[in-house]
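Participant: The structure that follows is given in the form of structure tokens.
The values are calculated or read from the model by the stated rules, or taken from the named source; none is laboratory data. All figures in this text were calculated on a predicted structure; none of them were measured in a lab. Reconstructed Cβ throughout: ideal geometry from the backbone, glycine too, with neighbour counts over all protein chains shown.
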Amino acid sequence: MNRIKDESRKFIQVIYGPRQVGKTTMVTQFLKDYPFPWHYASADQIISDRNAWIAVQWESARLKINLEKAEEGLLVLDEVQKLENWSESVKKEWDDDTFRGVPLKVIILGSSRLLIQKGLTESLAGRFETIFMEHWSFTEMQEVYDFDLSDFIWFGGYPGAAQLIGNEERWKQYVHDSLIETTISRDVLMLTRVDKPSLLRNLFEIGCQYSAQILSFTKIMGQLQDAGNPTTLAHYLHLLDTAGLLGGLEKFSPSEIRRRAASPKFQVHNTALMSALSGYTRNEIRTNPEKWGRWVESAVGAHLLNHSRSGRYKLSYWRERNDEIDFVLSRNEEAIGIEVKSSFGTGSGGTDAFRTKFSPKRVILVGKSGIPVDTLLKTNPQDLF
């Protein structure tokens, strides 16, 4: 948040990311030390006059600056993606202030990446700076909540749920009700057209079940209720990805056509989602080498996926016949292969074939006979390039 404090009024600061990763908490802590007048409002609290809400909040912030004769002020608008045409209203007020020289800084918070980015692209070009807040990392959960590696792999990176891990059933219920269901119902179904909500939920559950596995939509359609078609499933997976729940990694290939045609590799954004939907306890999974290995690989994948937003690299996988690389990071002409071999599982092969075919910058073995899993989880993937 130092950029808000130190810079002059240059851009609208847009902070977005999954639910309950600390966006509002961070801004609230900043406001406690902010020396000028400020005004905070959340679209969650709107009862009526939705169309005029942004203008009313903006005028409240202006009035506070005038009353205190302050040299600047701050307006924080939370959950703005819930308002239709929010970006047009923000553009109008921002441009009016720019013309009149009103020293008002603006922070916009949102949990729907899809709708936030749509509004920015359509109306606010040249007026904003984005800050993406991803799920909490192993380092953060260890420093704040004293998580060890096993804690993080099973319970993931949701700070709000950390205090409940002593009661696993209660923790699972919290993650399901407060995180999963809230995100799907408020950030996906309420804000985006979804013709088959039960199919989207079913896809999410199966995707969590098969996280870290490559599976074609055609193959899983038999397990889905009201399955629709692969195009619909790909669209729903994209919505789940933008909500910070479940992604589908593409196959690494120089050919765009081959990437699109290949089956996706399901990847949760947070291993807490897998654990909360699992019918097993941590101890039961922990003593099953094959299952625990999938949680380990998913934790590594989630770490790489979350950092890919700010790291400006593309995350994918590679497989050709019996050769496979779990994760491929690519940026410009450089590629980095990452193979996860949990000490509890065998992992996959293919490093030699990958090196021969693509001449990557490096191939990294994580886990057994390679760098420790916790070391990789504490590493910023950008530093690997």
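Residue-wise test of (1) touching a residue at least 60 places away in the same chain (Cβ under 8 Å); (2) closer than 23 Å to Y158 by Cβ; (3) under 28 Å from the mean Cα position of the chain (by Cα).
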site: V27; (1), (2), (3): yes, yes, yes
site: Y40; (1), (2), (3): no, no, yes
site: A55; (1), (2), (3): no, no, no
site: L63; (1), (2), (3): no, no, no
site: L67; (1), (2), (3): no, no, no
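Participant: Which numbered condition in (1) hydrophobic (A, V, I, L, M, F, W, C); (2) touching a helix residue (DSSP H, G or I) at 6+ places or on another chain (Cβ under 7 Å); (3) under 17 Å from F358 (Cβ atoms); (4) crowded, with 24+ Cβ neighbours inside 10 Å is the only one that V268 fails?
Facilitator: V268 satisfies every listed condition except (3).
Participant: Let me ask you something else. I'd like to know if region 131-144 contains one or more residues that are at pLDDT below 95 and more than 23 Å from C208 (Cα to Cα).
Facilitator: The answer is yes, given that some residue of region 131-144 is at pLDDT below 95 and more than 23 Å from C208 (Cα to Cα).
Participant: Tell me which strands (runs of 3 or more DSSP E) are completely within region 1-107 and hold 2 or more residues being at pLDDT below 95 and in contact with a helix residue (DSSP H, G or I) (Cβ under 6 Å, 6 or more places away or on another chain), or say none if there are none.
Facilitator: The qualifying strands (runs of 3 or more DSSP E) are 12-16.
Participant: Scan region 336-359 and tell me whether some residue there is of a type in the set (D, E), buried (at least 19 other Cβ atoms within 10 Å of the Cβ), out of contact with any Cys (no Cβ under 9 Å at 6 or more places or on another chain) and without any contact (Cβ under 8 Å) to a residue 40 or more places away in the chain.
Facilitator: yes
Participant: Also: Tell me whether region 190-211 contains one or more residues that are over 16 Å from the mean Cα position of the chain (by Cα), outside any helix (DSSP H, G or I) and within 27 Å of T281 (Cβ to Cβ).
Facilitator: Checking region 190-211: at least one residue is over 16 Å from the mean Cα position of the chain (by Cα), outside any helix (DSSP H, G or I) and within 27 Å of T281 (Cβ to Cβ).
Participant: Residues in region 294-311 that are more than 10 Å from A212 (Cα to Cα) and at pLDDT 95 or above: how many?
Facilitator: 3
Participant: Which condition from (1) buried (at least 17 other Cβ atoms within 10 Å of the Cβ); (2) at pLDDT 90 or above; (3) over 16 Å from L384 (Cβ atoms); (4) not aromatic (F, W, Y) is the one that D323 breaks?
Facilitator: (1)
Participant: A further question on this structure: How many residues, within region 64-94, are touching a His at 6+ places or on another chain (Cβ under 9 Å) and surrounded by fewer than 22 Cβ atoms within 10 Å (Cβ to Cβ)?
Facilitator: Selection size over region 64-94: 1.
Participant: What's the number of the only condition in (1) modelled with pLDDT under 95; (2) out of contact with any Asp or Glu (no Cβ under 7 Å at 6 or more places or on another chain) that A243 fails to meet?
Facilitator: The one condition A243 does not meet is (2).
Participant: Of (1) out of contact with any Lys or Arg (no Cβ under 6 Å at 6 or more places or on another chain); (2) at pLDDT 90 or above; (3) not β-branched (V, I, T), E334 satisfies all except one. Which?
Facilitator: (1)
Participant: Considering only residues that are surrounded by 17 or more Cβ atoms within 10 Å (Cβ to Cβ) and among the small types (G, A, S), look in region 159-185 and name the one that is nearest to F138 (Cα to Cα).
Facilitator: Only one residue tops the list, namely A162.
Participant: Scan region 140-158 for residues that are surrounded by fewer than 18 Cβ atoms within 10 Å (Cβ to Cβ) and under 17 Å from the mean Cα position of the chain (by Cα) and jot them down.
Facilitator: E140
Participant: Would you check if there is a residue in region 111-125 being crowded, with 21+ Cβ neighbours inside 10 Å, closer than 14 Å to G22 by Cβ and either of a type in the set (S, T, N, Q) or assigned by TED's automatic domain parsing to the domain that holds E93 (or both)?
Facilitator: Within region 111-125, one or more residues are crowded, with 21+ Cβ neighbours inside 10 Å, closer than 14 Å to G22 by Cβ and either of a type in the set (S, T, N, Q) or assigned by TED's automatic domain parsing to the domain that holds E93 (or both).
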